[in-house]
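Structure first, then comments.
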Amino acid sequence: MDVPDTGRRQFLKSAGVALTTSIFTGRIKGANDRIQAAFIGMGRMGTSNMEYAMKQPGLQAVAICDVYEPNLEEAHATARKRGQKPKLVRDFREILADKSIDVVNISTPDHWHAYMTVEACKAGKDVYVEKPISVTVGEGAKMVEAARKYNRVVQAGTMQRSAVHFQQACDLVRRGELGKVTFVRTWNYDNQKPEGIGNPVDGAPPEGLDWDQWLGPAPTRPFNSNRFGVKPDEFSTFRWFWDYAGGMMTDWGVHWLDIVQMAFDEAMPLSVSASGGKLWYTDNRETPDTLAVTYEYPGFLATYENRNANRQSMFEKSGGILFHGSDATLFVDREGYRLVPEGKGGKSVEVKSTSSGNALHWANFLACVRSRQRPVSDIEKCFRSTATCLLGNVALRSRARIDWDERELTVAQAEARTFLTREYRAPWKLVV
C-alpha cells in the first residue's frame, strides 16, 4: 500500500497544474442531457446527498446501494417521495459495471472511500466522495492519481468551500484585512456523559446486514454494534475505530482545516505534533476524546483541539475557526463570520450564513461533470486537507513530532511511516 514512485510523479505533475484546468475527455454532456446518478452508502449522509442531488435539474437517481437492508429501503422510500424510482443494489460492483451510470456518490464509512473512488474512476465514472477521502495518506494519493489518469471529475464532500460566507472569510484573510496572521485555532468542544457509546458485547449482525461486505478491505472483526455504528439519531459510531476512520480529527477537523488551507492557497504543514488520549469516556471507542494537535505552516501556526468533558469556548461556539491577525481576529463557522479589530476603537463586523453549501456543492459538481472543469473541492485539494488531518493522528499514534515531506508524500521519522499506509484484507486490492 505504499505510494509508488510513479504515483508520486503523477501526483506531483498534477499538483503543478491550475486546479481549474479542463479535463476534457471528448464526451461532454449538454445542459439538456440527463445525468444518470447512483448512490453508494445510504445512511443519513448518503440519503442527504441523494436528496440534494435530486433537487438539481437534469439529474436522475437510477440506483442506490447499501449492504444494510433497512438503509436501502428507507432511502428508496425517500427517492419515491420525489418521484424517482432508483433500482436497489446490494453489491456496489454492479453499479460500477453499469455503463449507463454517469456519476457515483460514495457516502460509505471512510474505509471504503479510496477503493470505491479508484474503481469508479477506472470504470469511467465521475465521483462525489464524502470526506475524509481516506483512512491513510497512501490511499488518498492513489485517489488523486486515479482521477488524473482516467480524466475524471472527482468532488470531495467538503461542502463548506461552496458556502458564500466561507469564501468571503477566506478572501478577507488573503486580502490582508486581518494584517499578518501568525496563529489559527480550530476546535470542537462538547460535554457528554462519560459512558459515551457504552460497551456492547460482540454478537451476531442484525438481520439484513452483510457484515463481511461492510468490513470490505478492513481487518476481519466480530460484529459489534458500535463498530457498525448505525443509530437513528446520533453520529455513526464507526468513526471512533481506527479500522474505519480517524475520530474527530478527520471527521470534523477536516472541515475546519480545509478552510484554513483554502485561505492560505492550499498550503500544507511542515511539521506536526500531537498529544491526547481517552481521558473521559469509559466506552469501547479507540480514538481519543481529548486531543491537541499543533501544525507548523510556512509563516503561521495552527491548532486543532477536541474535548468532550467541557464545552466552553470563545463566542460560546462548540466548533469553528479563529484566524488571529495583527490587525483583527476573524471567527468563522457554519452560521457565519465575525471580524473583531484589534484595539479599542474598531467596530466588529458580523455576517450571517445564507447556505450550508450542500446544494451549491452539488450544483458545482454537476456543472463540472458537464464542462469537464475541476470542481471547487477537487480531489487533490481534499487530499491535502485530509492528509493534514491524518498527519495529526500519525503524530499522536507514533508519539513523534513529525516532519512532512510534501514532495515525496512521506514523513522524515521512520517510526511514524507505518501509519501512512495500511494493508487491505483479501481479496480487495487498491490498484490504480
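Taken per residue, the accessible surface of the range 246-336 reaches 35 Å², heavy atoms only and a 1.4 Å probe.
Here the range 372-432 and the range 34-112 have alpha carbon centers that stand 28 Å from each other. Note on the range 226-361: Rg/Rh from Cα positions, Kirkwood definition for Rh, rounded to two decimals, is 1.00. Which whole-number percent is the relative contact order of the chain (Cα, under 8 Å, 6+ apart)? This gives 22 percent for the chain. Result for the chain in a Gaussian network model with C-alpha springs under 10 Å: among MET262, MET116, MET314, the largest mean-square fluctuation is at MET314. Within the chain, the selection of entire DSSP H helices by a Cα span of 24 Å or greater along the long axis and an average Kyte-Doolittle value of at least 0.0 returns 379-398. Once Cα extents along the principal axes in Å is calculated for the structure shown, the corresponding label among [x] 73, 45, 40; [y] 72, 52, 42; [z] 62, 53, 46 turns out to be [z]. Averaging the sequence gap over all C-alpha pairs within less than 8 Å and six or more residues apart, then dividing by the number of residues, gives the range 197-279 a relative contact order of 17 percent. For VAL376, the accessible surface of its heavy atoms amounts to roughly 30 Å² (probe 1.4 Å, protein chains only, rounded to the nearest 10). With the gyration tensor restricted to C-alpha atoms of the range 275-322, the semi-axes of the equivalent ellipsoid amount to 23, 16, 6 Å, longest first.
Among residues other than ASP190 with Cβ under 12 Å from its Cβ, the summed charge is +2 (Lys and Arg +1, Asp and Glu -1). On full extension, the segment bounded by ARG80 and ASP265 gains 62.4 nm, given 0.36 nm per residue less the C-alpha separation. Among residues other than ARG80 with Cβ under 13 Å from its Cβ, the summed charge is +1 (Lys and Arg +1, Asp and Glu -1). Rounded to 0.05, the FRET efficiency of the ASP405 and ASP327 pair, given R0 = 35 Å and the Cβ-Cβ distance, is 0.55.
The distance between label points at VAL351 and ALA414 comes to 5.0 nm (points 7 Å beyond Cα on the Cα→Cβ vector). Separation of the range 218-232 from the range 140-205 is 24 Å, based on Cα centroids.
The values are calculated or read from the model by the stated rules, or taken from the named source; none is laboratory data. As the structure is a prediction and not an experimental result, all values here were calculated from the model. Here the Cβ is made from the backbone with ideal geometry for all residues, glycine too, and neighbour counts use every protein chain on show. The protein model used for the area step is the full one, side chains on, heavy atoms only, and it has no ligands, DNA or RNA in it. Shrake-Rupley method; radii C 1.70, N 1.55, O 1.52, S 1.80 Å.
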